[in-house]
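Student: My structure is below; once you've seen it, I'll send some questions.
The values are calculated or read from the model by the stated rules, or taken from the named source; none is laboratory data. Keep in mind the model is a prediction, meaning the values are calculated, not measured. Every residue, glycine among them, receives a Cβ derived from its backbone with ideal geometry; neighbour counts consider all protein chains shown. Remember, those area values only see protein heavy atoms, side chains included, never the ligands or the DNA or RNA. Shrake-Rupley method; radii C 1.70, N 1.55, O 1.52, S 1.80 Å.
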There are 2 protein chains.
Amino acid sequence: MRLGIDLGGTSVKAALCEEHGKVLAKKSIPTRADDAETLCADMKQIALSLCRGMGVSLAQITGIGIGAPGSVDKASCTLKFGPNLGLRDVCFAEAFLPEFHCAVRIENDANCAALGEATVGAARDAKNMLMVTLGTGVGGGIIIDGKLYTGSNGIAGEMGHLVIREDGEPCGCGRKGCLEAYASATAFVKFAERALAAGRESSLQAQAGHLDAKQICDAVDAGDPLACELFEQYCKDLSCGLASYINIFQPECIVLGGGLAGYGEKLLEPLRRLTLSQTFRADANDTELVCASLGNDAGMIGAAML
Amino acid sequence: MRLGIDLGGTSVKAALCEEHGKVLAKKSIPTRADDAETLCADMKQIALSLCRGMGVSLAQITGIGIGAPGSVDKASCTLKFGPNLGLRDVCFAEAFLPEFHCAVRIENDANCAALGEATVGAARDAKNMLMVTLGTGVGGGIIIDGKLYTGSNGIAGEMGHLVIREDGEPCGCGRKGCLEAYASATAFVKFAERALAAGRESSLQAQAGHLDAKQICDAVDAGDPLACELFEQYCKDLSCGLASYINIFQPECIVLGGGLAGYGEKLLEPLRRLTLSQTFRADANDTELVCASLGNDAGMIGAAML
């Protein structure tokens, strides 16, 4: 049996899983990241508590995986820099001693989510798949031949930092025109706020200044012309990136995750149509576009699979 | 020992290689692609002639690989469609019988070149590398974990068909704004011809209407202001694509091939500078940019390595 721990900014989520990824039990506690010691102690506590709760002896645990928000050093099982946690250089290798004696592995949280979806989620059984998360940023992960691909330095898979418009919208990474600057939930809201500030007529004017992506999606459902126009442009920009990804990777599957993927078929239908018309072999697109199926559990399940 | 055959539009090139890719002998004949039978017979002939010339018995050949210009079906060792050869559905599986009794494999020629460079060329020993060829089009191949990656349907690695400017220059693939439409030698010439037709002053005006990429590079060397401006823009556009590839793949190495790679360090220097400033980890780019080292031999060596 394995333990997967998803270290988030607001909560630490953990799952006890079978070897092939089936979740036997899960538990969540609020994140206390005041210092590394507290965080490590909390993580061990939630792991112990899961095992005790299920009557699983600690010797039965064959591996512990940690999905962490930031840059990690896999060799030393260290979170190098976790801006959202405000922590640097936290080594987890010994955090589970003396109770646990199995290997402890660490990976970026977006990569864990990709591995989770590829193992027991929406892309189950796909050999080659990409995950693209549409949230605050655009993140994701790459699965090649059933395994997480992280490149030669462990930081590959920055799916949001593909430029779709050279010299376009400024991106948080310092470049201009990245997919993230058009296809994140943040960007979706940014374009809406910009249109509202320019005085465009819309049912969304009442929420101007404090919009969220869900409200814009609701306005699309209600037929608001500005919201529909923004959503159309959003799908066009996102499909531009997805079609490039298909031309490069020809994966069996691209899984969309993150907040906007909650829009489900309403998002997938236009994306499939727009992406198909742009891919290299436009007559026969072999890549399936689907939404993530594990929701918030993807990260901890993927971590368990490390 | 292995045989690699590079099936080109103008010549059929073949090499007798050691198991690890060292070329023992090579030979080239003009391509006669009038019909599949002639082509197959010529390919067998060049293979037999190489073996005889080196005193290698046919039983010593452990594998034959073919790099073909077009879409291939690996399972049946068939060239499905080779537009430059004007041939369809040519099965090579039995072409080498009854003399040869080893496995015959086929792969797209750009993928073979990538494999060649990764085996004994500029990216020797790289586990993860990309090849990007700057010729009539922009092609290339992907090596992951030392193996050719061709996706779930065998056609991955269309490195030129990443959009860098949504709604930009029309591309041969039907999309707008692909890297190929900015970074191929054809595109480089297209922009020069466009500037000359618009009446821009330049030493290239004498060649207007029948320019080639080499002439523009020579004008850059001679300090022609228009040529320098075009070359600067070319490097900017190409680096935009390369930086995205680094953010996605974080390979040890990107090998540039094709005609424009012959410009060597003069191309690499601005590309390294421009790419570094755009990658996700701009302070520490782990990906080396180099030019191909096997030239026209890459394809047949890669084919031998299939």
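Student: Within region A:78-91, identify whether any single residue is within 27 Å of A:LYS214 (Cα to Cα), within 13 Å of the chain's Cα centre (by Cα) and of a type outside the set (A, V, I, L, M), and answer yes or no.
Tutor: no
Student: Continuing with the same structure: Name the single residue that is farthest from the other protein chains (Cβ to nearest Cβ) among those in region B:113-132 being over 16 Å from B:ALA303 (Cα atoms) and surrounded by fewer than 24 Cβ atoms within 10 Å (Cβ to Cβ).
Tutor: Filtering region B:113-132 for residues that are over 16 Å from B:ALA303 (Cα atoms) and surrounded by fewer than 24 Cβ atoms within 10 Å (Cβ to Cβ), the one farthest from the other protein chains (Cβ to nearest Cβ) comes out as B:ALA122.
Student: Can you tell me which residue among A:THR150, A:THR136 is within 14 Å of the chain's Cα centre (by Cα) and either under 28 Å from A:PRO83 (Cα atoms) or within 14 Å of chain B (Cβ to nearest Cβ) (or both)?
Tutor: The unique qualifying residue is A:THR136.
Student: Looking at region A:138-155 only, could you name the residues that are over 23 Å from A:CYS17 (Cβ atoms) and buried (at least 24 other Cβ atoms within 10 Å of the Cβ)?
Tutor: Of everything in region A:138-155, just one residue is over 23 Å from A:CYS17 (Cβ atoms) and buried (at least 24 other Cβ atoms within 10 Å of the Cβ), namely A:VAL138.
Student: Continuing with this model, one more query. Is there any pair linking a residue in region A:236-253 that is within 8 Å of another protein chain (Cβ to nearest Cβ) and assigned to a helix (DSSP H, G or I) to one that is buried (at least 24 other Cβ atoms within 10 Å of the Cβ) and acidic (Asp, Glu), with Cβ under 6 Å and at least six apart or on different chains, and which?
Tutor: Taking only residues 6 or more apart or on different chains, the pairs are A:ASN247/B:GLU158.
Student: Looking only at residues in region A:173-196 that are of a type in the set (Ser, Thr, Tyr) and in a helix (DSSP H, G or I), which one is surrounded by the most Cβ atoms within 10 Å (Cβ to Cβ)?
Tutor: Among those that are of a type in the set (Ser, Thr, Tyr) and in a helix (DSSP H, G or I), it is A:TYR182.
Student: So which strands (runs of 3 or more DSSP E) stay within region A:59-107 end to end and still have 3 or more residues that are surrounded by fewer than 19 Cβ atoms within 10 Å (Cβ to Cβ)?
Tutor: The strands (runs of 3 or more DSSP E) meeting that bar are A:78-82, A:87-91.
Student: Report, by residue number, each residue of region B:176-221 that is of a type in the set (A, V, I, L, M, F, W, C), more than 24 Å from B:GLY257 (Cα to Cα) and in contact with a helix residue (DSSP H, G or I) (Cβ under 8 Å, 6 or more places away or on another chain).
Tutor: B:ALA195, B:LEU196, B:LEU204, B:ALA208
Student: Could you tell me whether B:LEU260 is at pLDDT below 95 and part of a helix (DSSP H, G or I)?
Tutor: yes
Student: If you take the residues in region B:258-306 that are within 14 Å of another protein chain (Cβ to nearest Cβ) and of a type in the set (Asp, Glu), which one is nearest to B:GLY67 (Cα to Cα)?
Tutor: B:GLU288
Student: A:ALA206 - would you say it is in a helix (DSSP H, G or I), surrounded by 19 or more Cβ atoms within 10 Å (Cβ to Cβ) and of a type outside the set (Val, Ile, Thr)?
Tutor: For A:ALA206, the condition - in a helix (DSSP H, G or I), surrounded by 19 or more Cβ atoms within 10 Å (Cβ to Cβ) and of a type outside the set (Val, Ile, Thr) - is not met.
Student: Condition test on A:ASN285, is it free of Cβ contacts under 8 Å to residues at least 60 places away in the same chain, open to solvent by less than 60 Å² (accessible area, probe 1.4 Å) and not in a helix (DSSP H, G or I)?
Tutor: Spelling it out, A:ASN285 is indeed free of Cβ contacts under 8 Å to residues at least 60 places away in the same chain, open to solvent by less than 60 Å² (accessible area, probe 1.4 Å) and not in a helix (DSSP H, G or I).
Student: Taking A:ASP297 as the residue in question, decide whether it is assigned to a loop (DSSP other than H, G, I, E, B), open to solvent by 10 Å² or more (accessible area, probe 1.4 Å) and at pLDDT below 95.
Tutor: It is false that A:ASP297 is assigned to a loop (DSSP other than H, G, I, E, B), open to solvent by 10 Å² or more (accessible area, probe 1.4 Å) and at pLDDT below 95.
Student: Could I ask something else about it? When A:LEU242 is evaluated against the numbered criteria (1) open to solvent by 70 Å² or more (accessible area, probe 1.4 Å); (2) within 26 Å of B:VAL163 (Cα to Cα), which criterion, by number, is the only one it fails?
Tutor: Evaluating A:LEU242 over (1) open to solvent by 70 Å² or more (accessible area, probe 1.4 Å); (2) within 26 Å of B:VAL163 (Cα to Cα) leaves (1) as the failure.
Student: Next up: State all residues of region B:153-175 that are modelled with pLDDT under 90 and facing another protein chain (nearest Cβ under 7 Å); if no residue qualifies, say none.
Tutor: B:ASN153, B:ILE155, B:CYS173, B:GLY174
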